[in-house]
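A.B. asks: Okay, here's the structure, questions in a sec.
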Amino acid sequence: MYKSIKNAAVLSAAILSLGACNQASKSNQQKMTDSTSQQAKIPDSSGFEKNIDGKQTHLYTLKNKNGVEAAITNFGGRLVSLLVPDKNGKIVDVVQGLSSIDGYKKAGSSYFGALIGRYGNRIAKGKFTLEGKEYTLFKNNGPNTLHGGKVGYDEVVWDAKQIDSTTLQLTYLSKDMEEGFPGNLTIKVIYHLGDDNGLNISYEATTDKTTVVNLTNHAYYNLNGAGSGTILNHSLQILADNYTPVDSTLIPTGKIEPVKGTPFDYTKPATIGSRIGDANEQLKNGKGYDHNFVFNKHADTTAVVKVVGDKSGIEMDIYTEEPGIQFYSGNFMQGTNTMKYGKDDFRTAFALETQHFPDSPNQPNFPSTVLKPGQVYKTSTEYKFSVVK
């Protein structure tokens with residue numbers, strides 16, 4: 001009798017314990033569901049109020065008539081957040097970023113959302129020759145210079161002026177021989193959020209000495225929402241019949257080769273992950289996609305890139321005046337930074353940087369990036385958002 005009662009008591013306790021565990025599990029699942037169902041929002045601006053080298057940083061918010069919002073800090077000219085509606089009308093933040101200036105400084109050379117210069121992408125062996133003179137740069141990417149050198153435009157405080165609720169102007173004087181580049185380069189970048197849900201970034205620069213210029217933006221995107229997991233199931237299309245293969249240090253070989261028959265053929269929509277694991281020397285060199293695609297000739301009104309989030313139905317179309325784009329599939333993300341939403345885990349965001357080609361100053365057959373006194377460097381790129389039902 002005692003044994004029977006004891007067993008019944010144990011069984012009852014086990015049932016109660018199991019019920020408690022199930023309840024806790026349901027509670028945790030509910031918390032996760034609540035978290036993922038919450039509307040995204042712009043980070044608290046107080047985290048962006050800081051004095052760096054005597055210049056003040058802030059967070060600026062742009063908003064169009066549809067309620068789409070973009071947040072930009074003048075520290076590095078960084079796109080911090082971009083809030084757009086998904087197919088269900090839920091507001092999603094499609095840009096991977098951090099919640100404070102301190103967070104960006106701690107993240108170091110990840111370039112999250114930053115304006116990149118004086119030369120976006122890589123310059124081989126940290127040197128180039130211009131008008132018979134050799135210039136030497138800081139090598140910050142193995143044997144090469146990447147994204148402007150040791151202190152690129154991603155690390156400086158830009159002068160900011162909010163023109164209106166949809167427009168922010170950023171200016172910066174990059175002095176002669178800053179990071180080894182010749183010429184005082186006067187730069188103006190304008191972020192404009194249109195009522196067509198397009199974020200336009202326009203660049204303008206002049207110099208007092210012959211130099212090289214290649215400006216871009218290094219936003220990391222996840223169209224399912226920052227922190228939502230892998231980007232490998234996103235659909236991608238790039239109107240580029242050719243790309244520039246690279247060596248083991250990610251410097252172009254100088255050749256422009258067709259994408260047909262390779263994992264780089266995105267002339268028709270395919271998922272990012274569909275061929276990323278293929279046995280291919282170029283994928284091995286980049287540890288995935290980290291390559292420049294050469295756009296086909298196209299009208300200004302033609303989107304040269306289309307990306308669709310598999311869960312959100314958010315489509316991002318890219319329009320640009322640039323001849324190429326660097327597609328980076330987040331291969332070096334290691335989960336070391338605490339972002340606005342979770343960690344920057346492996347391949348949880350991608351970058352699409354419109355640009356002139358990498359190492360153009362050393363590649364005479366690539367489009368020129370030389371800017372001379374009296375000339376005006378002028379280019380623009382637009383990222384336009386819609387939904388696929």
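The values are calculated or read from the model by the stated rules, or taken from the named source; none is laboratory data. It should be emphasised that the depicted structure is a prediction, and the values quoted were computed from it without experimental measurement. Heads up, the Cβs are rebuilt from the backbone with ideal geometry, glycines too, and the neighbour counts pull from every protein chain shown.
A.B. asks: Considering the range 95-134 alone, what residues qualify as being basic (K, R), within 19 Å of D344 (Cβ to Cβ) and either free of Cβ contacts under 8 Å to residues at least 60 places away in the same chain or in contact with a strand residue (DSSP E or B) (Cβ under 7 Å, 6 or more places away or on another chain) (or both)?
C.D. replies: Narrowing the range 95-134 to residues basic (K, R): 105-106, 118, 122, 125, 127, 133.
Now restrict to residues that are within 19 Å of D344 (Cβ to Cβ): 105-106.
Scanning the range 95-134 gives a single hit, K105.
A.B. asks: Going through the range 311-334 one residue at a time, which ones are farther than 12 Å from H298 by Cβ and hydroxyl-bearing (S, T, Y)?
C.D. replies: S312, Y328, S329
A.B. asks: Then there's this: Select, from P358, P323, P364, the only residue that is without any contact (Cβ under 8 Å) to a residue 24 or more places away in the chain and either in contact with a helix residue (DSSP H, G or I) (Cβ under 8 Å, 6 or more places away or on another chain) or within 30 Å of E134 (Cα to Cα) (or both). Give the steps one after another, and end with the answer.
C.D. replies: On the way: P358 fails: without any contact (Cβ under 8 Å) to a residue 24 or more places away in the chain; P323 fails: without any contact (Cβ under 8 Å) to a residue 24 or more places away in the chain.
Going through P358, P323, P364 in turn, just one is without any contact (Cβ under 8 Å) to a residue 24 or more places away in the chain and either in contact with a helix residue (DSSP H, G or I) (Cβ under 8 Å, 6 or more places away or on another chain) or within 30 Å of E134 (Cα to Cα) (or both): P364.
A.B. asks: Which of the numbered conditions does Y341 fail, given that it passes all the others? Conditions: (1) closer than 23 Å to F264 by Cα; (2) buried (at least 17 other Cβ atoms within 10 Å of the Cβ).
C.D. replies: It fails just one condition, (1).
A.B. asks: Test L137 against the criterion of being out of contact with any strand residue (DSSP E or B) (no Cβ under 6 Å at 6 or more places or on another chain), buried (at least 19 other Cβ atoms within 10 Å of the Cβ) and touching a residue at least 40 places away in the same chain (Cβ under 8 Å), and give yes or no. Show your work before the answer.
C.D. replies: Values: out of contact with any strand residue (DSSP E or B) (no Cβ under 6 Å at 6 or more places or on another chain): no; buried (at least 19 other Cβ atoms within 10 Å of the Cβ): yes; touching a residue at least 40 places away in the same chain (Cβ under 8 Å): yes.
No.
A.B. asks: Give the range 43-72 a look and list any residue that's under 30 Å from D196 (Cβ atoms), basic (K, R) and more than 23 Å from the chain's Cα centre (by Cα), or say none.
C.D. replies: K65
A.B. asks: Mind checking which strands (runs of 3 or more DSSP E) fall wholly inside the range 177-272 and carry at least 3 residues that are touching a His at 6+ places or on another chain (Cβ under 9 Å), at pLDDT 95 or above and under 30 Å from A40 (Cβ atoms)?
C.D. replies: 198-207
A.B. asks: Hey, could you check the range 91-120 for residues that are at pLDDT 95 or above and among the polar types (S, T, N, Q) and say which is nearest to Y383 (Cα to Cα)?
C.D. replies: Among residues in the range 91-120 that are at pLDDT 95 or above and among the polar types (S, T, N, Q), the one nearest to Y383 (Cα to Cα) is Q96.
A.B. asks: Working only within the range 345-364, note down all residues that are more than 19 Å from E321 (Cα to Cα) and assigned to a strand (DSSP E or B).
C.D. replies: F350
A.B. asks: From the list S165, S174, pick out the single residue that is modelled with pLDDT of 95 or more, among the polar types (S, T, N, Q), touching a strand residue (DSSP E or B) at 6+ places or on another chain (Cβ under 7 Å) and under 27 Å from T129 (Cβ atoms). Break it down into steps so the answer makes sense when it comes.
C.D. replies: On the way: S165 fails: under 27 Å from T129 (Cβ atoms).
That would be S174, the only listed residue that is modelled with pLDDT of 95 or more, among the polar types (S, T, N, Q), touching a strand residue (DSSP E or B) at 6+ places or on another chain (Cβ under 7 Å) and under 27 Å from T129 (Cβ atoms).
A.B. asks: Run down K125, K139, K87 and say which single residue is over 29 Å from P252 (Cβ atoms) and not acidic (D, E). Working first, answer last.
C.D. replies: Numbers: K125 fails: over 29 Å from P252 (Cβ atoms); K139 fails: over 29 Å from P252 (Cβ atoms).
Step by step, each of K125, K139, K87 is checked, and only K87 is over 29 Å from P252 (Cβ atoms) and not acidic (D, E).
A.B. asks: I'd like to know if the range 109-117 contains one or more residues that are touching a Gly at 6+ places or on another chain (Cβ under 8 Å), among the aliphatic types (A, V, I, L, M) and more than 27 Å from Q56 (Cβ to Cβ).
C.D. replies: Checked the range 109-117: no residue is touching a Gly at 6+ places or on another chain (Cβ under 8 Å), among the aliphatic types (A, V, I, L, M) and more than 27 Å from Q56 (Cβ to Cβ).
A.B. asks: Which numbered condition in (1) farther than 22 Å from Y377 by Cβ; (2) more than 22 Å from the chain's Cα centre (by Cα); (3) surrounded by 23 or more Cβ atoms within 10 Å (Cβ to Cβ); (4) not small (G, A, S) is the only one that D241 fails?
C.D. replies: (3)
A.B. asks: Kindly indicate whether any position in the range 190-212 is acidic (D, E), within 24 Å of E322 (Cα to Cα) and surrounded by 18 or more Cβ atoms within 10 Å (Cβ to Cβ). Step through it out loud before you land on a result.
C.D. replies: Filtering the range 190-212 down to residues acidic (D, E) leaves 195-196, 204, 208.
Then keep just the ones that are within 24 Å of E322 (Cα to Cα); that gives 195-196, 204, 208.
When the remaining residues are screened for being surrounded by 18 or more Cβ atoms within 10 Å (Cβ to Cβ), the result is none.
There is no residue in the range 190-212 that is acidic (D, E), within 24 Å of E322 (Cα to Cα) and surrounded by 18 or more Cβ atoms within 10 Å (Cβ to Cβ).
A.B. asks: Hey, among the residues in the range 152-176 that are over 20 Å from the mean Cα position of the chain (by Cα) and not in a strand (DSSP E or B), which one's surrounded by the most Cβ atoms within 10 Å (Cβ to Cβ)?
C.D. replies: Restricting to residues being over 20 Å from the mean Cα position of the chain (by Cα) and not in a strand (DSSP E or B), the top hit is T166.
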